[in-house]
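Values in this text are rule-based calculations from the coordinates and carry no lab data. Please read these numbers as outputs of a predicted model, since none were measured by experiment. Note that each Cβ is placed from the backbone with ideal geometry, even for glycine, and that neighbours are counted across all protein chains shown.
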Amino acid sequence: MNKTMEERSVSTMSDNNVHVINHPLVQHKLTIMRKTDTSTKEFRDLLREISMLMGYELMRDLPTEGVKIETPLETMEGQQLAGKKLCLISILRAGNGFIDGLLDLVPSARVGHVGLYRDPETLIPVEYYMKVPEDLGNRQVVVVDPMLATGNSAIAAVDRIKDHDAVDIKFLCLIACPEGIKAFQEAHPDVPIYTAAIDRQLNEHGYILPGIGDAGDRIFGTK
Ligand code: URA
């Protein structure tokens, strides 16, 4: 179904702290990424491009401050980013696919990593790696993972990040599903979700339908 001009004119639809970035370029790139026959290289390139477009929307409210500069003709007050550098935190391993595109936008951002695996008996996420800047409390933190599926890893990662004093957190994913959004918002109602799509449902193996398959495998070509 074709989108009307009116539907296209709003690049982000926001409801209940969930922001769907429905810009035509984001939607076009996502459609190519979903296709089974899209190659690993193409997928990776598109993820880098889409993360820039999504990051651009997500970073709309970054604080700025006035700074006096000299143009070749006169003195003026320009705007520059203010405050401590942003911190991007990747949930390993698929979150890494978002980092390069976001760093293209904010090259001096700090980058943290959280690694979690699911204990096969208890199904509880267990942390195996965590490295983040010390002063998260003073930074805007953007946690990235392409798929918000069950929500378990995103919830556990944000729990750990809050343990490190972060208060200003946003969650960025490519595709979410109603089950993951519900679980995440119950655990972290203060953390807005930014996504390119809300897909229909989770399947019994924890994959999002229609989705893109295993995001890590598609980024790294491991299948
Ligand atoms: N993780 C993925 O990589 N894909 C899904 O569909 C769900 C979780």
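Remark: the chain carries a charge dipole of roughly 500 debye about the Cα centre, counting +1 on each Lys and Arg Cβ and -1 on each Asp and Glu Cβ. Length gained on full extension, T40 to D119, computed as 0.36 nm times the residue gap minus the Cα-Cα distance: 25.5 nm.
Considering only GluC sites (Glu not before Pro) in DSSP loops that have at most 11 other Cβ atoms within 10 Å, the longest stretch of the chain without any of them is 1-73.
Which FRET efficiency value, to the nearest 0.05, do you get for E134 and N16 by plugging their Cβ-Cβ distance into 1/(1 + (r/R0)^6) with R0 = 41 Å?
Working: r = 33 Å, r/R0 = 0.80.
Efficiency, from the Cβ-Cβ distance: 0.80.
Against the main long axis of the alpha-carbon atoms of the chain, helix 96-105 sits at an angle near 10°. Using a Gaussian network model of the chain in which every pair of alpha carbons under 10 angstrom is joined by a spring, one finds that among D100, D119, D199 the greatest mean-square fluctuation is at D119. Shown is the FRET efficiency for T31 and F220, computed with R0 = 30 Å from the Cβ-Cβ distance and rounded to the nearest 0.05: 0.90. Round to a whole angstrom and tell me the spacing of the C-alpha centers of the range 7-47 and the range 151-202. Here the two parts' Cα centres lie 18 Å apart.
Need one number: the % of Cα-Cα pairs in the range 99-223 sitting beyond the 24 Å mark.
Values: 2109 of 7750 pairs.
In whole percent, the long-distance tail amounts to 27.
Restrict the search to the range 133-214; then list the trypsin sites (Lys or Arg not before Pro) that DSSP places in a loop and that have at most 14 other Cβ atoms within 10 Å of their Cβ.
Numbers: sites: R139, R160, K162, K170, K182, R200; in loops: R139, R200.
Hits after loop and neighbour filter: R200.
With N the number of residues in the chain, Rg(Cα) / (2.2 N^0.38 Å) evaluates to 1.06. Here D163 and V67 are evaluated by their C-beta separation; at R0 = 35 Å the FRET efficiency comes out at 0.50.
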